[in-house]
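Accompanying notes for the structure given below.
The values are calculated or read from the model by the stated rules, or taken from the named source; none is laboratory data. Quantities reported herein were computed from a predicted structural model and do not represent experimental measurements. Don't worry about glycine lacking a Cβ; one is built from the backbone with ideal geometry, like all the others, and counts go over all protein chains shown.
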Amino acid sequence: MAERSKAEPNRVTALSAGGPNAIAVTNGIVGDEWSLWIVQMALNNGITQYNEWLRAGPISSSVLTARLASLVEADVMERVPYNSRPQRYDYRLTQRGRQMWPILLTMWAWEQRWVNESDEHLPSMRHVRCGHLFAPQLICEACDRPTAARDVDGRFGPSGSWERSIPSAVTRRRAHSGARPLELVTQSMMLIGNRWSAALLGAAFLGATRFGEFEQRMGAPPTIVADRLRTFRDLGFLEQLPNPQRPDWVVYHLTAKGRDFFPVVASTIDWGQRWFVAPEGAALKLAHRECGRAFRPRLVCDQCGERLRGSSVQVVRGAAEQTGA
Ligand SMILES: [Zn+2]
Ligand SMILES: [Zn+2]
């Protein structure tokens, strides 16, 4: 995957022509809950050493070793020697690793809003600039207006196709060590932690509503499509309605909960396309309907309206006590 120069760790990764595009590569990273947890610990707790991750959560050394290697390969982290005898390394986030904060932030915000059982494990966020606990709000970079899924048109660019956007089964890394990270983003992982689920999610946001449309876009056998549609419906992410043309058939629509996942999708795609570049061009082109310009997601504080920066977001534990709520 990576053709990169070690001297320039912040350079973009050039993907191979005709191969997996930015969406597939990004889903391979972001769709792995242990990789996300490792990045989160580095971002929020400043963890840089192997043993610190082992102490921070129920991760096994084999899982940690494998995930750190893949994060280094993806240029999300770099190995920096800090001792020569014996040889020891720190793992530091690269610029692209540090820029993953909007993905984590939007995921947490969504889980806190829609998934009751996870909120006690999830940190709250304080906006340092205004001092308030906040939720991120998605806006359009070009016009500053709040933007929802329905305001954005998406279409494939030159490196985009369903085939090239779905991570291949062999490169997917699944977490099956038994133990799970404490700061769970449980439902997010049910949506993106599996190649077929991620494909279904993308198909739903790009307007698929009928079984045949999901089947065609996902390139999956009907039993898998049916299974994933059922899962998404059980999660309250899609609702099943009668097809207006054929009342004995059904269509699937995103619910409010489903549509509200859009900031996660937009932040993830934006990060991926910024750092993983196919020679043919973009995988996905997004346009903001209201202003007509290319849509780049940005996040603002819902309390003060100011644009968020990674450095102005503070993680707060025990939020209920701190707000006096
Ligand atoms: Zn706009
Ligand atoms: Zn604020």
Exercise. Return the pairs, sorted by first residue and then second, in which the second residue is outside any strand (DSSP E or B) and near ligand 1 (Cβ under 8 Å from one of its atoms), the first residue lies in segment 284-295 and is closer than 23 Å to ILE166 by Cα and aliphatic (A, V, I, L, M), the beta carbons are less than 8 Å apart, and the residues are 6+ apart or on different chains.
Key: LEU286/PHE295; ALA287/ARG293; ALA287/PHE295
Quiz item: How about segment 27-64: which of its residues are out of contact with any helix residue (DSSP H, G or I) (no Cβ under 8 Å at 6 or more places or on another chain), touching a residue at least 12 places away in the same chain (Cβ under 8 Å) and part of a helix (DSSP H, G or I)?
Solution: TRP37, ASN44, SER62
Exercise. Tell me, please, whether a residue that is in a helix (DSSP H, G or I), modelled with pLDDT of 95 or more, aliphatic (A, V, I, L, M) and within 17 Å of GLY28 (Cα to Cα) can be found in segment 70-81.
Key: yes
Quiz item: How many residues does segment 136-151 hold that are more than 9 Å from ligand 1 (Cβ to nearest atom) and crowded, with 19+ Cβ neighbours inside 10 Å?
Solution: 2
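Conditions tested, residue by residue: (1) within 17 Å of the chain's Cα centre (by Cα); (2) within 16 Å of ligand 1 (Cβ to nearest atom); (3) within 21 Å of GLN137 (Cβ to Cβ).
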| residue | (1), (2), (3) |
| --- | --- |
| GLY219 | no, no, no |
| LEU229 | no, no, no |
| TYR252 | no, no, no |
| VAL264 | yes, no, yes |
| GLU280 | no, no, no |
| ALA294 | no, yes, yes |
| VAL300 | no, yes, yes |
| SER312 | no, no, yes |
Exercise. Test LEU105 against the stated conditions and say whether it is within 20 Å of LYS257 (Cβ to Cβ) and in a loop (DSSP other than H, G, I, E, B).
Key: no
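A quick yes/no check of all residues on (1) closer than 26 Å to ASP153 by Cβ; (2) touching a residue at least 40 places away in the same chain (Cβ under 8 Å):
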site: GLY207; (1), (2): yes, no
site: PHE214; (1), (2): yes, no
site: PRO221; (1), (2): no, no
site: PHE237; (1), (2): yes, yes
site: PRO244; (1), (2): yes, no
site: VAL251; (1), (2): yes, yes
